[in-house]
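Single-structure report; data block below.
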Amino acid sequence: AEQKALDVSEAIRLLKHLGTMLDGDNQQKMQDGALWATYILTGARRGEILGLEVDRVGDVLDLSWQLQRITDISKAPANWEYRSLGSTLYLTRPKSKAGWRIIPLVEPLRSILLRHVDGRKAGLVFTRSGNPWDPDRATKEWAAVLAKAGLPGDVVLHGSRHTTVDLLYAAKVPEDIIQAIV
């Protein structure tokens with residue numbers, strides 16, 4: 001199915017909206033603003049961002065692990081790398097080594113994430129009340145963020161990958177770099 005994405009002007013509008021979240025007094029709003037900005041500015045998949053750990057944020061973002069819901073881990077292949085986060089949430093490696101991506105961490109996202117991490121040295125970058133984000137909840141909250149920003153509600157979270165590509169093209173990033181990022 002074709003997924004809709006925000007166009008460049010809509011993405012800029014969303015980033016401005018997220019900027020008000022990042023500058024607000026409410027800690028939860030600031031945390032959420034950093035999460036959504038990370039999606040828009042990296043083109044990473046839902047699980048890659050939700051599974052991002054603090055020690056994999058530096059000059060680059062190491063997206064070599066992802067958060068997944070697995071209801072029966074006993075069915076996982078014997079050689080599969082995973083770490084339990086409790087309940088049915090796990091950090092897993094992507095299906096192939098090609099999925100182990102390391103992408104540049106550029107401004108303004110670098111500053112947003114460093115402010116968000118606030119000196120922490122370990123753990124997930126994005127949590128809800130100290131717990132991992134539920135992937136389905138992230139998808140639902142994405143729709144709410146778009147609505148609050150006055151943007152179309154038919155852009156799914158995975159569509160932000162396409163938005164990122166459009167933003168990178170608009171910024172005149174060379175195509176080979178765009179391909180490496182997404």
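The values are calculated or read from the model by the stated rules, or taken from the named source; none is laboratory data. What you see is a predicted model; the values in this text were computed from it and never measured. Positions of Cβ are backbone-derived with ideal geometry, glycine not excepted, and every protein chain shown enters the neighbour counts. Areas reflect the complete protein model, heavy atoms only, side chains present, ligands, DNA and RNA absent. Shrake-Rupley method; radii C 1.70, N 1.55, O 1.52, S 1.80 Å.
Quick notes on this structure:
- Amide H contacts under 5 Å for L63, placed H, 5+ residues apart: R101, I102, I103
- Largest-first principal axis extents, alpha carbons of the chain, Å: 47, 39, 34
- Ranking E141, E175, E48 by solvent-accessible area of protein heavy atoms (1.4 Å probe, all protein chains present), from largest to smallest, gives E175, E141, E48.
- Cα-centre dipole for segment 1-144 with unit charges at Cβ (Lys and Arg positive, Asp and Glu negative), debye to 20: 320 debye
- Residues of the chain: accessible area per residue with a 1.4 Å probe, Å²: 54 Å²
- Taking label positions 7 Å along the Cα-Cβ direction at both L114 and E53, the computed distance is 2.3 nm, reported to one decimal.
- FRET efficiency, A98 to E175 (Cβ-Cβ, R0 25 Å, nearest 0.05): 0.85
- Where only C-alpha atoms are counted, convex hull volume of segment 100-182 per residue in Å³: 142 Å³
- Values of log10 I(q)/I(0) for segment 81-139 across q = 0.16, 0.31 Å⁻¹ run -0.74, -1.17, by the Debye formula with one identical scatterer at each alpha carbon and no solvent.
- By accessible area, using a 1.4 Å probe on protein heavy atoms only, segment 79-135 has 55% of its surface on carbon and sulfur.
- Between D7 and V106, the modelled label-to-label distance comes to 2.2 nm, taking each label 7 Å out from Cα in the direction of the beta carbon.
- The string of couplings for segment 127-134 from the Karplus curve (6.51, -1.76, 1.60, θ = phi - 60°) is 9, 10, 6, x, 10, x, 5, 6 Hz, one whole number per residue in order, with x for Gly and Pro.
- E10 - accessible surface, heavy atoms, 1.4 Å probe, Å² rounded to 10: 40 Å²
- For T20, solvent-accessible area (1.4 Å; no DNA, RNA or ligand), Å²: 90 Å²
- Taking N as its residue count, the alpha carbon Rg of segment 25-102 over 2.2 N^0.38 Å: 1.20
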